[in-house]
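Right, one structure below, let's go through it.
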Amino acid sequence: MKCLPQIILLLLCISLINCNQNKVGFQQPVATNEALKALNESFEKRIIKVADNIHVAIGFGLANSILIEGKDSVIIVDCMESIAAGAAVKAAFRKITAKPIKAIIYTHNHTDHIFGASAFAANEQPDIYAHELMPYYLDQNAAIVRNIIEERAYRMFGVFLDADALVNCGIGPSLNFNEHTELGVIRPNIVFRDSLFVSIAGIEMQLFHAPGETPDHLMIWLPNEKILLCGDNLYKTFPNLYTIRGTPYRDINLWKNSLDKMRYLKPEIIVPSHTEPIYGNDSIQQILTDYRDAIQFIHDQTVRGMNMGLTPNELVEQINLPQHLQQSPWLQEFYGKTAWSVRSVFDGYLGFFDGNPTNLLPLTNKENATNIENLAGGKEALFQQIKQAFEEEKYQWVLELTDYFLTLHTNDNAAKDFRIRALIKLGERQSNPNARHYYLTAALELQGLENKSRVIPSISMVHSVPLSVIFNGLAARLNAEKSINNNQTVVFEFTDTKEKWTVQIRKGIAEVQPFVIQKPDITIKVKTTVWKELAAKLRKPLKTYLSGEIKVDGGEIAFINFMRLFDMEE
Ligand SMILES: [Zn+2]
């Protein structure tokens, strides 16, 4: 017993050594961008009374949430990014009124507007309104491109950055995701195509399809109050015509048309789902006109240049907003950027190929890097170029050179160090928070930060996902190399719903059908809820199998081997 303190000390030392080894962070405090910092005041957490019966919660998370109070119940527009954020806003709204929630309206499918819904809906069973395309985009993000969108979104929103590095997100204070964050979206039960005129809780409102930041976007017009709730089609920064976390083309012509619809409604008040409300028809008209003009300018001048044969790089060099728009406080690049927007318009119309035959079938990264290293005069000479570029503060050039260098010498710490320092310098210089966070997080990742999913979907949210989404997601995870010689038919019989689905592996392809296509090699009998929880990684496959909740005809080993054909990491 006497040696216990020494053992504790030893264990403490070991844990400290391990901690230090894992420590990822900035050696010096990251410089604050003053222009960005100036926005902080506008994101202070508070409830703004917009009209007698309309309140907006600002600063509780990345987006706003809006309360519309009716005679005997209330309507919530947008629900925050998580159950915790939604619960905090709900508690604040409860201080204004105790009336039950009759309806929730999602302005669009983005994370920061929907994943707190179950906090608001708890014990209240409200109707959930959305545009008819909303579930499609929700499922795309959840099942098809979730991994990469999450990874890039975490960089863009700076979710791994500490308070020094993360000043704000340009459209709101921050996206608060940590490993305990629970998400709870409820699928809409009332959808529409073009418009929907309803009276909820005695409040007359018109929902209009307003494609813009997303194709499933809607806006809410209260004709009697002349108040417009515009979602993310207008906020106080240059619009995110392209988002660097990755997105299908945002048809910016449709976005401009939606802004025109907003102009001609002649609202007296606009309540956006990010940044503060806007008051007075005259200023609203000015802001909307500038905003739509900026979008049309980007669109038209990009298309004009494209038709002259200019490539994206050339277009970015040439296209700058007219002075009066550059000076508008509503068009400062605190979220979107003109350079990204121009590239996105080009890509939206013409796709990846810039028209230059050099780029039809380019060299591999390794061939390119080898050629550049030879041109520089060898490894050491290329390294000297990196060092010199850094000393001359040519940080973008450092990134480009280290791309080549690290392709050939993956673990070269000296080159990595220059790249990390260049990323930090570039991040510090950016007043655009998306770019700032992306550079800074990339610097942390080079030091070993693991950019992994930090959120947990709620059970009810997982159960509401259609089987088609689960199976299409599975097919897109088939490991082609492992399954290239595999021919196998697996039928899933769902014991609760009696549905039958087939997954047929055909040498690198998994065909999925919602019926039995031929006599199976393996039949799996399972409840839909269990299968969905497995797909969402809320359960461990082996434990579930051992518990008897999955029954396999055709051999357990065959089933395990089948599952191993899919990428199941995380
Ligand atoms: Zn948003």
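Structure data summary
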quantity: Residue list for region 45-62, restricted to those being in a strand (DSSP E or B) and either among the aromatic types (Phe, Trp, Tyr) or more than 21 Å from the chain's Cα centre (by Cα) (or both); calculated: Arg46, Ile47, Ile48, Lys49, Val50, Ala51, Ile54, His55, Val56, Ala57
quantity: Looking only at region 174-210, and only at residues there that are over 29 Å from Val462 (Cβ atoms) and part of a loop (DSSP other than H, G, I, E, B), the one that is farthest from the ligand (Cβ to nearest atom); calculated: Gly202
quantity: So Val74, is it of a type in the set (Val, Ile, Thr), away from the ligand (no atom under 16 Å from the Cβ) and touching a strand residue (DSSP E or B) at 6+ places or on another chain (Cβ under 9 Å); calculated: yes
quantity: Qualifying residue in region 173-190 (condition: surrounded by fewer than 18 Cβ atoms within 10 Å (Cβ to Cβ) and over 30 Å from Lys45 (Cβ atoms)); calculated: yes
quantity: Lone qualifier among Pro135, Pro126, Pro100 - being in contact with a helix residue (DSSP H, G or I) (Cβ under 8 Å, 6 or more places away or on another chain) and free of Cβ contacts under 8 Å to residues at least 60 places away in the same chain; calculated: Pro126
quantity: Matching option when the condition is away from the ligand (no atom under 16 Å from the Cβ), buried (at least 17 other Cβ atoms within 10 Å of the Cβ) and outside any strand (DSSP E or B), among Ala143, Ala153, Ala163; calculated: Ala143
quantity: Condition met for Ala85 (within 16 Å of the ligand (Cβ to nearest atom), crowded, with 24+ Cβ neighbours inside 10 Å and not in a strand (DSSP E or B)); calculated: yes
quantity: Matching entry among Thr370, Thr407, Thr441 (being of a type in the set (Ser, Thr, Tyr) and either in contact with a strand residue (DSSP E or B) (Cβ under 6 Å, 6 or more places away or on another chain) or under 30 Å from Lys37 (Cα atoms) (or both)); calculated: Thr441
quantity: Criterion: within 16 Å of the ligand (Cβ to nearest atom), farther than 30 Å from Ala476 by Cα and more than 22 Å from the chain's Cα centre (by Cα) - qualifying residue of Ser65, Ser42; calculated: Ser42
quantity: Strands (runs of 3 or more DSSP E) enclosed by region 479-570 - at least 3 residues per element that are over 25 Å from Val145 (Cα atoms); calculated: 487-494, 522-526, 551-553
quantity: Any pair with Cβ under 6 angstrom, 6 or more apart, that starts in region 535-551 at a residue that is touching a residue at least 40 places away in the same chain (Cβ under 8 Å) and closer than 22 Å to Val469 by Cβ and ends at one that is of a type in the set (Val, Ile, Thr) and not in a loop (DSSP other than H, G, I, E, B); calculated: Ala535/Ile470; Ala536/Val462
quantity: Count - residues of region 59-86 that are at positive phi and of a type in the set (D, E, K, R); calculated: 1
quantity: Evaluation of Leu228 against (1) within 16 Å of the ligand (Cβ to nearest atom); (2) part of a strand (DSSP E or B) (one fails), failing number; calculated: (1)
quantity: Set Asn451, Asn472: member being part of a loop (DSSP other than H, G, I, E, B) and surrounded by fewer than 21 Cβ atoms within 10 Å (Cβ to Cβ); calculated: Asn451
quantity: Some residue of region 98-107 being surrounded by 20 or more Cβ atoms within 10 Å (Cβ to Cβ), at pLDDT 95 or above, part of a helix (DSSP H, G or I) and not hydroxyl-bearing (Ser, Thr, Tyr); calculated: no
quantity: Single unsatisfied condition, Leu196 versus (1) under 30 Å from Asp52 (Cβ atoms); (2) surrounded by 23 or more Cβ atoms within 10 Å (Cβ to Cβ); (3) touching a strand residue (DSSP E or B) at 6+ places or on another chain (Cβ under 6 Å); calculated: (2)
quantity: Matching option when the condition is in contact (Cβ under 8 Å) with a residue 40 or more places away in the chain, closer than 24 Å to Gly59 by Cβ and within 16 Å of the ligand (Cβ to nearest atom), among Ile270, Ile287; calculated: Ile270
quantity: Per-region count, region 44-73, residues of a type in the set (A, V, I, L, M) and farther than 18 Å from Trp221 by Cβ; calculated: 6
quantity: Region 342-396, residues that are assigned to a helix (DSSP H, G or I), among the acidic types (Asp, Glu) and either without any contact (Cβ under 8 Å) to a residue 60 or more places away in the chain or surrounded by fewer than 15 Cβ atoms within 10 Å (Cβ to Cβ) (or both); calculated: Glu367, Glu373, Glu380, Glu391
quantity: Any pair with Cβ under 6 angstrom, 6 or more apart, that starts in region 204-227 at a residue that is on the phi > 0 side of the Ramachandran plot and ends at one that is surrounded by fewer than 19 Cβ atoms within 10 Å (Cβ to Cβ); calculated: Lys226/Glu268
quantity: Helices (runs of 4 or more DSSP H) wholly inside region 241-331 that include at least 1 residues being exposed (fewer than 15 other Cβ atoms within 10 Å of the Cβ) and among the aromatic types (Phe, Trp, Tyr); calculated: 252-265
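The values are calculated or read from the model by the stated rules, or taken from the named source; none is laboratory data. Quantities reported herein were computed from a predicted structural model and do not represent experimental measurements. All Cβ positions, even for glycine, are placed from backbone atoms using ideal geometry, and neighbour counts span all protein chains on display.
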